[in-house]
Amino acid sequence: MAETVKTFCRNCGAQCSMEVDVERGRMLAARPDGSKSPYGGYMCPKGLAAVELHNGMEARLHSSLKRGEDGAFVSIAADAALDEIAAKLSALIAEHGPRAVAVYHGTGAYRSVMGNLLERAFVAEIGTPNFFSSMTIDQSAKWVTMARMGVMASGRHAMRDADLILLAGGNPLVSHQGVPFALAETCAPARGFEAAKARGCKVIIVDPRRTETARYADLLIQPLPGHDAEIFAALAHVLLRDGTYDAEFAARWCIQLDELRAALAPFTPELAAARADVPVEQIELAARWLGEAERPISGSGTGPSMAANSNLADHMIELINALAGGYRRAGDLVRNPGTLRAKDTFEMAMSPTRSFEAEPRCVSEDTGALVGEFPTALLPGEIMADSPDRIRALICFGGDPLMALGDPAVAAKAFGHLDLLVSLDCRQNETGKVAEYVLATSQPFERPELSVSGDGMFPEAFVQYTDAVVAPAQGVIHDWEVFWGLAARMGVPLTFKFWNYGLNYRDIPEGLPLSLNEKPDPEALFRWLAKDSAVPFDVIKASPGGVRPADAQRLVLPAPSVLGRLELCPPDVAAELAALVDAEPEADFPFRLTCRRILHAVNSAYRESRETRRRYPVNYAYMNPEDMAAAGIAEDAQVEIASQFGTIQTLARAENRLRRGVVSMTHMFGPLVGTGDVLADGGANVGQLTSLSEELQPINFMPRFSGVPVKITAA
Ligand SMILES: Nc1nc2c(c(=O)[nH]1)N[C@H]1C(S)=C(S)[C@@H](COP(=O)(O)OP(=O)(O)OC[C@H]3O[C@@H](n4cnc5c(=O)[nH]c(N)nc54)[C@H](O)[C@@H]3O)O[C@H]1N2
Ligand SMILES: Nc1nc2c(c(=O)[nH]1)N[C@H]1C(S)=C(S)[C@@H](COP(=O)(O)OP(=O)(O)OC[C@H]3O[C@@H](n4cnc5c(=O)[nH]c(N)nc54)[C@H](O)[C@@H]3O)O[C@H]1N2
Ligand code: SF4
Ligand SMILES: [Mo]
């Protein structure tokens, strides 16, 4: 007899509540569960395929692997692998100090709260500053803005309260990426936009592609990629020119308005329109709507954060919130103050930290940390550096950094230079293929979980706990057991803490010291995380569909005293604006390659599922049909795409959603370096077109992953 259990999906950040039918330890079917979720019942195709994915559609690893003398992998028991890895780490630390060890935290690492927290505890206790993640080769422009502009602690208006949404380069209908950076509800995103439109909220989308999300746009601006800095600078220019900005907010919470006015003077709508190749009227109209709106919000997805001038673009996008009234003020509603850790929200600015100017510093470049992490694009340099503090051992937790970094020649050479490379993953990916050890991990439905990561991000207060739906497959280890197991063997005492972004793990005063002899009981740790919860753990546990606490809403409180200020135009931002005025067009390459995501995979994960393979035998190069005709490229024809840095081959597809001059491709397809046989390769790694040494951003060293200048020819 099949039994039905409630749980939530962990295939992406949306954490959709679901029901799963289970029979004799095997998952049979999954359905959305809207009984308590603040989004209602919802699942995307990856949720619907959760059963197929879990049951091995994707060649999951059933045993940990060790590279033998001859270079081939042999099976090894996880405990034996941990013994060897711990001994090597201890020896490296004894000889070279803790900086010899680095951790890379990939997208798969976000699937487990305990894995996350024990990883953070492990890194903090061994005392290495070498923490890297996919975030710094993704949207760390947002972290740069926080470090240079500061942060409005009250946060942006919630989507449920906004009357104007201005979203650049994000496609939440596909990516389910919403708060805190992009503007959407992560789960059931279409429903969120429909409700907003029904309330009369206007939507402006800035994207070279008429995205699925653009269905809701009242105004769609389709620029050439890489010109968001000019577009958003021009929007700010008009707000200042017409006096339609929120002068009262600026006077109370911002400084450098005069510097900003001077720096933005050249950024007329005409300049932005010419650079981005859009009608000037669209910029004037968007600026007028911003000036008229009561509660507008401005934000972006990966597009502007991966293209040229990404840090400046992001500063301009956030600037719109400061000028146009994008932040909550005292008395505004806080729909979700958090449940596990409910907190008050204040109308208060926090001054910029400029953390990248402080210790600790990288050894390969003169830069420091952002939100406690070093720039991932510097990982190869930190490994190759001629320094006693260079990285010698790298643990990759739920990620495929070789693919994610791009520039495989540089990245692969550096990874080959490591004394120890460990991959912690439920699959064998490109990084795993060159690792010394691959630890085969459990998958989400094999673990209990608590909705810690959604806690303050759900649109209304909500909390959900799930037991493991099925027992872990034979031969796998939980992510958290790896970090605990290494610490136990290395004699590193771990303290379990309620860590969150922005906190320094070591500085969190309160924690639960863990025994190094007795493996922690997951439920006890979840119980500890929920000890200050508005809903007691026992109640959460007894409510498998989740709990919506009553009367959770609060109001934004006035500042305890007037504290920090937002710096609208610090000298480095002013200098970047000045340099942009004089920038020369990049004429040699007729096309710009942009980033995009597909609904059926999350980066490399779920790429091998039946549905993904059927729809995407390769990652197509999508092009405007007129561009294809002009270049003599037929549908499904093989094309060669060449940048300044490399060449790939794939198949072309017409997509009339794209403006001319743009070719759009998904990353994380194909092998690290293509063989030339596109179909056998299953696509091409667009990272071959990017560089880890040229055109990097200052501060976060973000490579250019979107708006990459390319030539396209029929192969
Ligand atoms: N050219 C180019 N490069 C890019 C991008 C781009 O658009 N263009 N995008 C960038 C972005 S936004 C990102 S986030 C990075 C992605 O970079 P990564 O995060 O490094 O890559 P993923 O493919 O997401 O790797 C996730 C891994 O986690 C594993 N996994 C899934 N579940 C679990 C689990 O429960 N436990 C463990 N241990 N592992 C698990 C999966 O099998 C997979 O191997 O790439 C970046 N690189
Ligand atoms: N289904 C699915 N969900 C995912 C992922 C996935 O791979 N699949 N990946 C996850 C990850 S790691 C991330 S980081 C998020 C990303 O979430 P999103 O940022 O929403 O992802 P994309 O769909 O790539 O949207 C990027 C958009 O930017 C546009 N764009 C490209 N260049 C520019 C530019 O220069 N300017 C402007 N204005 N727009 C530009 C592209 O056309 C595209 O529509 O999604 C997450 N969720
Ligand atoms: S959006 Fe899809 S993949 Fe993400 S949590 Fe929901 S069902 Fe799972
Ligand atoms: Mo990402």
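Given a cut-off of under 8 Å on Cα pairs at least six residues apart, what relative contact order in percent is computed for segment 3-54?
29 percent
Could you state the number of Å between the C-alpha centres of segment 205-239 and segment 370-415?
First find each Cα centre; the distance between them is then 34 Å.
Pull out the extension gain between Asp70 and Met350, defined as 0.36 nm times the separation in residues minus the alpha carbon to alpha carbon distance; nm, one decimal.
Roughly 95.2 nm would be gained on extension.
Pairs of alpha-carbon atoms within less than 8 angstrom and 6+ residues apart define the contacts here; what relative contact order does the chain have, in percent?
The normalised contact order for the chain reaches 19 percent.
Hey, how many Å between the Cα centroid of segment 617-678 and the Cα centroid of segment 306-341?
Their Cα centres are 35 Å away from one another.
When Lys and Arg each count +1 and Asp and Glu each count -1, what net charge do the other residues less than 12 Å away from Ala629, Cβ to Cβ, add up to?
So the surrounding residues net to -2.
Considering Cα pairs under 8 angstrom that are at least six residues apart, work out the relative contact order of segment 134-286 and quote it in whole percent.
In percent, rounded to a whole number, it is 18.
Just list whichever of Lys36/Lys519; Lys343/Lys531; Lys142/Lys433; Lys6/Lys343; Lys66/Lys413 have alpha carbons separated by over 26 Å in the model shown.
Checking Cα-Cα distances, Lys36/Lys519; Lys142/Lys433; Lys6/Lys343 exceed 26 Å.
Report the gain in length on full extension from Asp419 to Glu95: 0.36 nm times residue separation, minus Cα-Cα distance, nm rounded to one decimal.
Full extension from Asp419 to Glu95 adds 115.4 nm.
At 7 Å along Cα-to-Cβ for each site, give me the label-to-label distance between Ala524 and Ala642 in nm.
6.4 nm
Can you give me the solvent accessible area of Trp289 with a 1.4 Å probe, rounded to the nearest 10 Å²?
40 Å²
Based on the mean of other Cβ atoms within 10 Å per residue, sort peptides 171-179, 303-311, 466-474 so the most packed one is first.
Final packing ranking: 303-311, 171-179, 466-474.
So if R0 is 35 Å, what FRET efficiency would Val673 and Ala634 give, r being the distance between their Cβ atoms, rounded to the nearest 0.05?
0.85
In whole percent, and with a 1.4 Å probe on the protein chains, what portion of the accessible area of segment 212-278 is carbon and sulfur?
Carbon and sulfur atoms account for 51 percent of the accessible area of segment 212-278.
When only DSSP loop residues count, what GluC sites (Glu not before Pro) in segment 237-306 have their Cβ near at most 16 other Cβ atoms within 10 Å?
Glu294
With every protein chain in place, what's the accessible area of Ile93 (1.4 Å probe, Å², nearest 10)?
Surface open to solvent at Ile93 totals about 40 Å².
What full-extension length gain, to one decimal in nm, is calculated for Asp218 and Arg660 as 0.36 nm per residue of separation minus the Cα-Cα distance?
157.0 nm
With every protein chain present, what is the per residue accessible area of the chain (1.4 Å probe, Å²)?
36 Å²
If amide H atoms are built 1.01 Å from N in the plane of the peptide, which residues on other chains or at least 5 residues away come under 5 Å of the amide H of Leu555?
Amide H neighbours of Leu555: Val334.
Would you mind checking which residues have amide H under 5 Å from Phe8's amide H? H placed 1.01 Å from N; only 5 or more apart, or other chain.
Met18
Using DSSP to call loops (not H, G, I, E or B), can you name the trypsin sites (Lys or Arg not before Pro) in segment 485-589 whose Cβ has at most 14 other Cβ atoms within 10 angstrom?
Within segment 485-589, the qualifying trypsin sites (Lys or Arg not before Pro) (loop, at most 14 other Cβ atoms within 10 Å) are Lys531.
Using a basic spin-label model with each label point 7 Å from the Cα along Cα→Cβ, how many nm lie between Arg199 and Ala59?
My value for the distance between the label points is 4.7 nm.
Can you give me the long-range amide H partners of Met350? Hydrogens built in the peptide plane at 1.01 Å from N, cutoff under 5 Å, separation of 5 or more residues or another chain.
Those lying under 5 Å, H to H, from Met350 are Val151, Met152, Ala153.
Tell me the accessible surface of Arg261 in square angstrom (1.4 angstrom probe, heavy atoms of protein chains only), to the nearest ten.
About 100 Å², rounded to the nearest 10.
Got a sec to turn the phi values of segment 606-614 into Karplus ³J(HN,Hα) couplings, 6.51 cos²θ - 1.76 cosθ + 1.60 with θ = phi - 60°, whole Hz, x for Gly and Pro?
6, 5, 8, 5, 4, 5, 5, 4, 5
Kindly state, to the nearest 0.05, the FRET efficiency for Ala251 paired with Lys343, given R0 = 35 Å and r defined as their beta-carbon distance.
Result of the calculation: an efficiency of 0.80.
If you roll a 1.4 angstrom probe over the protein chains with everything in place, what fraction of the accessible area of segment 3-54 belongs to carbon and sulfur, to the nearest %?
Summing carbon and sulfur atoms, their accessible area is 49 percent of the total for segment 3-54.
The values are calculated or read from the model by the stated rules, or taken from the named source; none is laboratory data. Just so it is clear, the model here is predicted, and its values are computed rather than measured. Virtual Cβ from ideal backbone geometry, glycine too; neighbours counted across all protein chains shown. Areas reflect the complete protein model, heavy atoms only, side chains present, ligands, DNA and RNA absent. Shrake-Rupley method; radii C 1.70, N 1.55, O 1.52, S 1.80 Å.
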